1. May I ask for the Rg/Rh ratio of segment 94-185, computed from Cα atoms with Rh as the Kirkwood radius, given to two decimals?
2. Compute the distance in nm between two label points, each set 7 Å from the Cα along the Cα-to-Cβ direction, one at Asp306 and one at Lys112.
3. In straight Cα distance, which aspartates and glutamates are under 16 Å from Lys39, not counting same-chain residues fewer than 8 positions off?
4. Which lysines have a Cα lying under 29 Å from the Cα of Lys112, excluding residues fewer than 8 positions away in the same chain?
5. Once you place label points 7 Å from the Cα toward the Cβ at Asp103 and Ala161, how far apart are they in nm?
6. What distance in nm separates the simple spin-label points at Thr253 and Asn56, each placed 7 Å from Cα in the Cβ direction?
7. With runs of 4+ DSSP H residues as the only contributors, calculate the mean residue ellipticity of the chain at 222 nm using -39,500 (n - 2.57) per run, divided by the residue total and rounded to the nearest 500.
8. What does DSSP give for the chain in terms of the percent of beta bridges that are antiparallel, rounded to the nearest 5?
Amino acid sequence: MHAAEPISITIGTVPAVPAAITFLAIDKGYLREAGIDAKVEFLDTVSKAIPFIASNHMQVVQGGGVSVGYFNALAQGLPVSMALDTASSPVYHDILVRPDLRDAIRTAKDLKGRSVAVAGPGSIAIYELGKVLETAGLTIKDVEVKFIPFPQMGAGFANKAIDAALAVPPFGDLNIDKGLAVRWIDPDKIVKPTPMMVASYMYNTDWAAQNPEAAHRLFVALARAGRDYCQAYHHGPNRAEVIESLIAHKAATDGALIDRMAWPSRDVNGRFNIASIVDVQDWFYKEGQLKEKVPAERLTDARYADAAAKELGPFELVNKASPLAGCR
């Protein structure tokens, strides 16, 4: 039973396909049934996630990345943690190259001395690029990294300001469609351990401690919506509904593009692969981007995903013919 008066919270989200999980939880009444009145605010960059959560401006942020900022926040004792996985491999990130360089850049070693765009410093994209370079005995220092937002990478290719870029759907698809870039390497096939953890529902731990029952109900409701997302990920009968929700909430405009592009996977209960998060932290520490490491047991909060798995029961995939990995 939840209180008669719903608890009001603010959920921040990045306008990408996994944002559908939050919108489904609202549209399908899962949050209302849980006694949660949620207001959604868009974030133009995930770098704002930690400050907004730590200050309790937002109680939850979807899309909060496994990043230097997150590890530093934990090390500083800020009231943040990760509750549920919202994006893990396969995530269909791609390293793209300019079409005129397709014959010059064939292997990872050919990136040496080249300019490579990633969306932001200290991000999971830097880790992915670094792991790809390591296969050729190279490091991040062997390339010229340029920090360019995903929507602007196409211009970087067009004016030849960059040679390669690590892009995410739908931006990579758009650049390929326009002939600005060609698909080269899928980091999902290289980065270990898998599944690689990319993004999550982060939350303010002080708020959760003050509202334990509400926090429990909130994340079970979001996990329930996450299962709906997984059905759509596998091209189940609700895929059109999910796309319509993204458009209705102004997180997307081109439904046809969203339908044909690859969607990030996730764990059906929101559970994390701790080995992946530890490896990301170790990599940033080795690169000198972290001053200290946080013990593995402090990296995530498993209780909400465990509760979702128990309360929601086994996940049954509707489209059993789906060949897609992940989200099952």
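1. Numbers: Rg = 11.7 Å, Rh = 12.7 Å.
Dividing the radius of gyration by the Kirkwood radius yields 0.92.
2. Between Asp306 and Lys112, the label points sit 4.8 nm apart.
3. Answer for Lys39, where 16 Å is the Cα cut-off: Glu5, Asp27, listed by chain and number.
4. Answer for Lys112, where 29 Å is the Cα cut-off: Lys131, Lys141, Lys146, Lys160, Lys178, Lys189, Lys192, Lys286, Lys291, listed by chain and number.
5. The answer from the label model is 2.8 nm.
6. Simple spin-label model gives 3.8 nm for this pair.
7. -10000 deg cm²/dmol
8. 55 percent
Laboratory data are not the source of any read-out in this text; all were calculated from the coordinates shown. What you see is a predicted model; the values in this text were computed from it and never measured. All Cβ positions, even for glycine, are placed from backbone atoms using ideal geometry, and neighbour counts span all protein chains on display.
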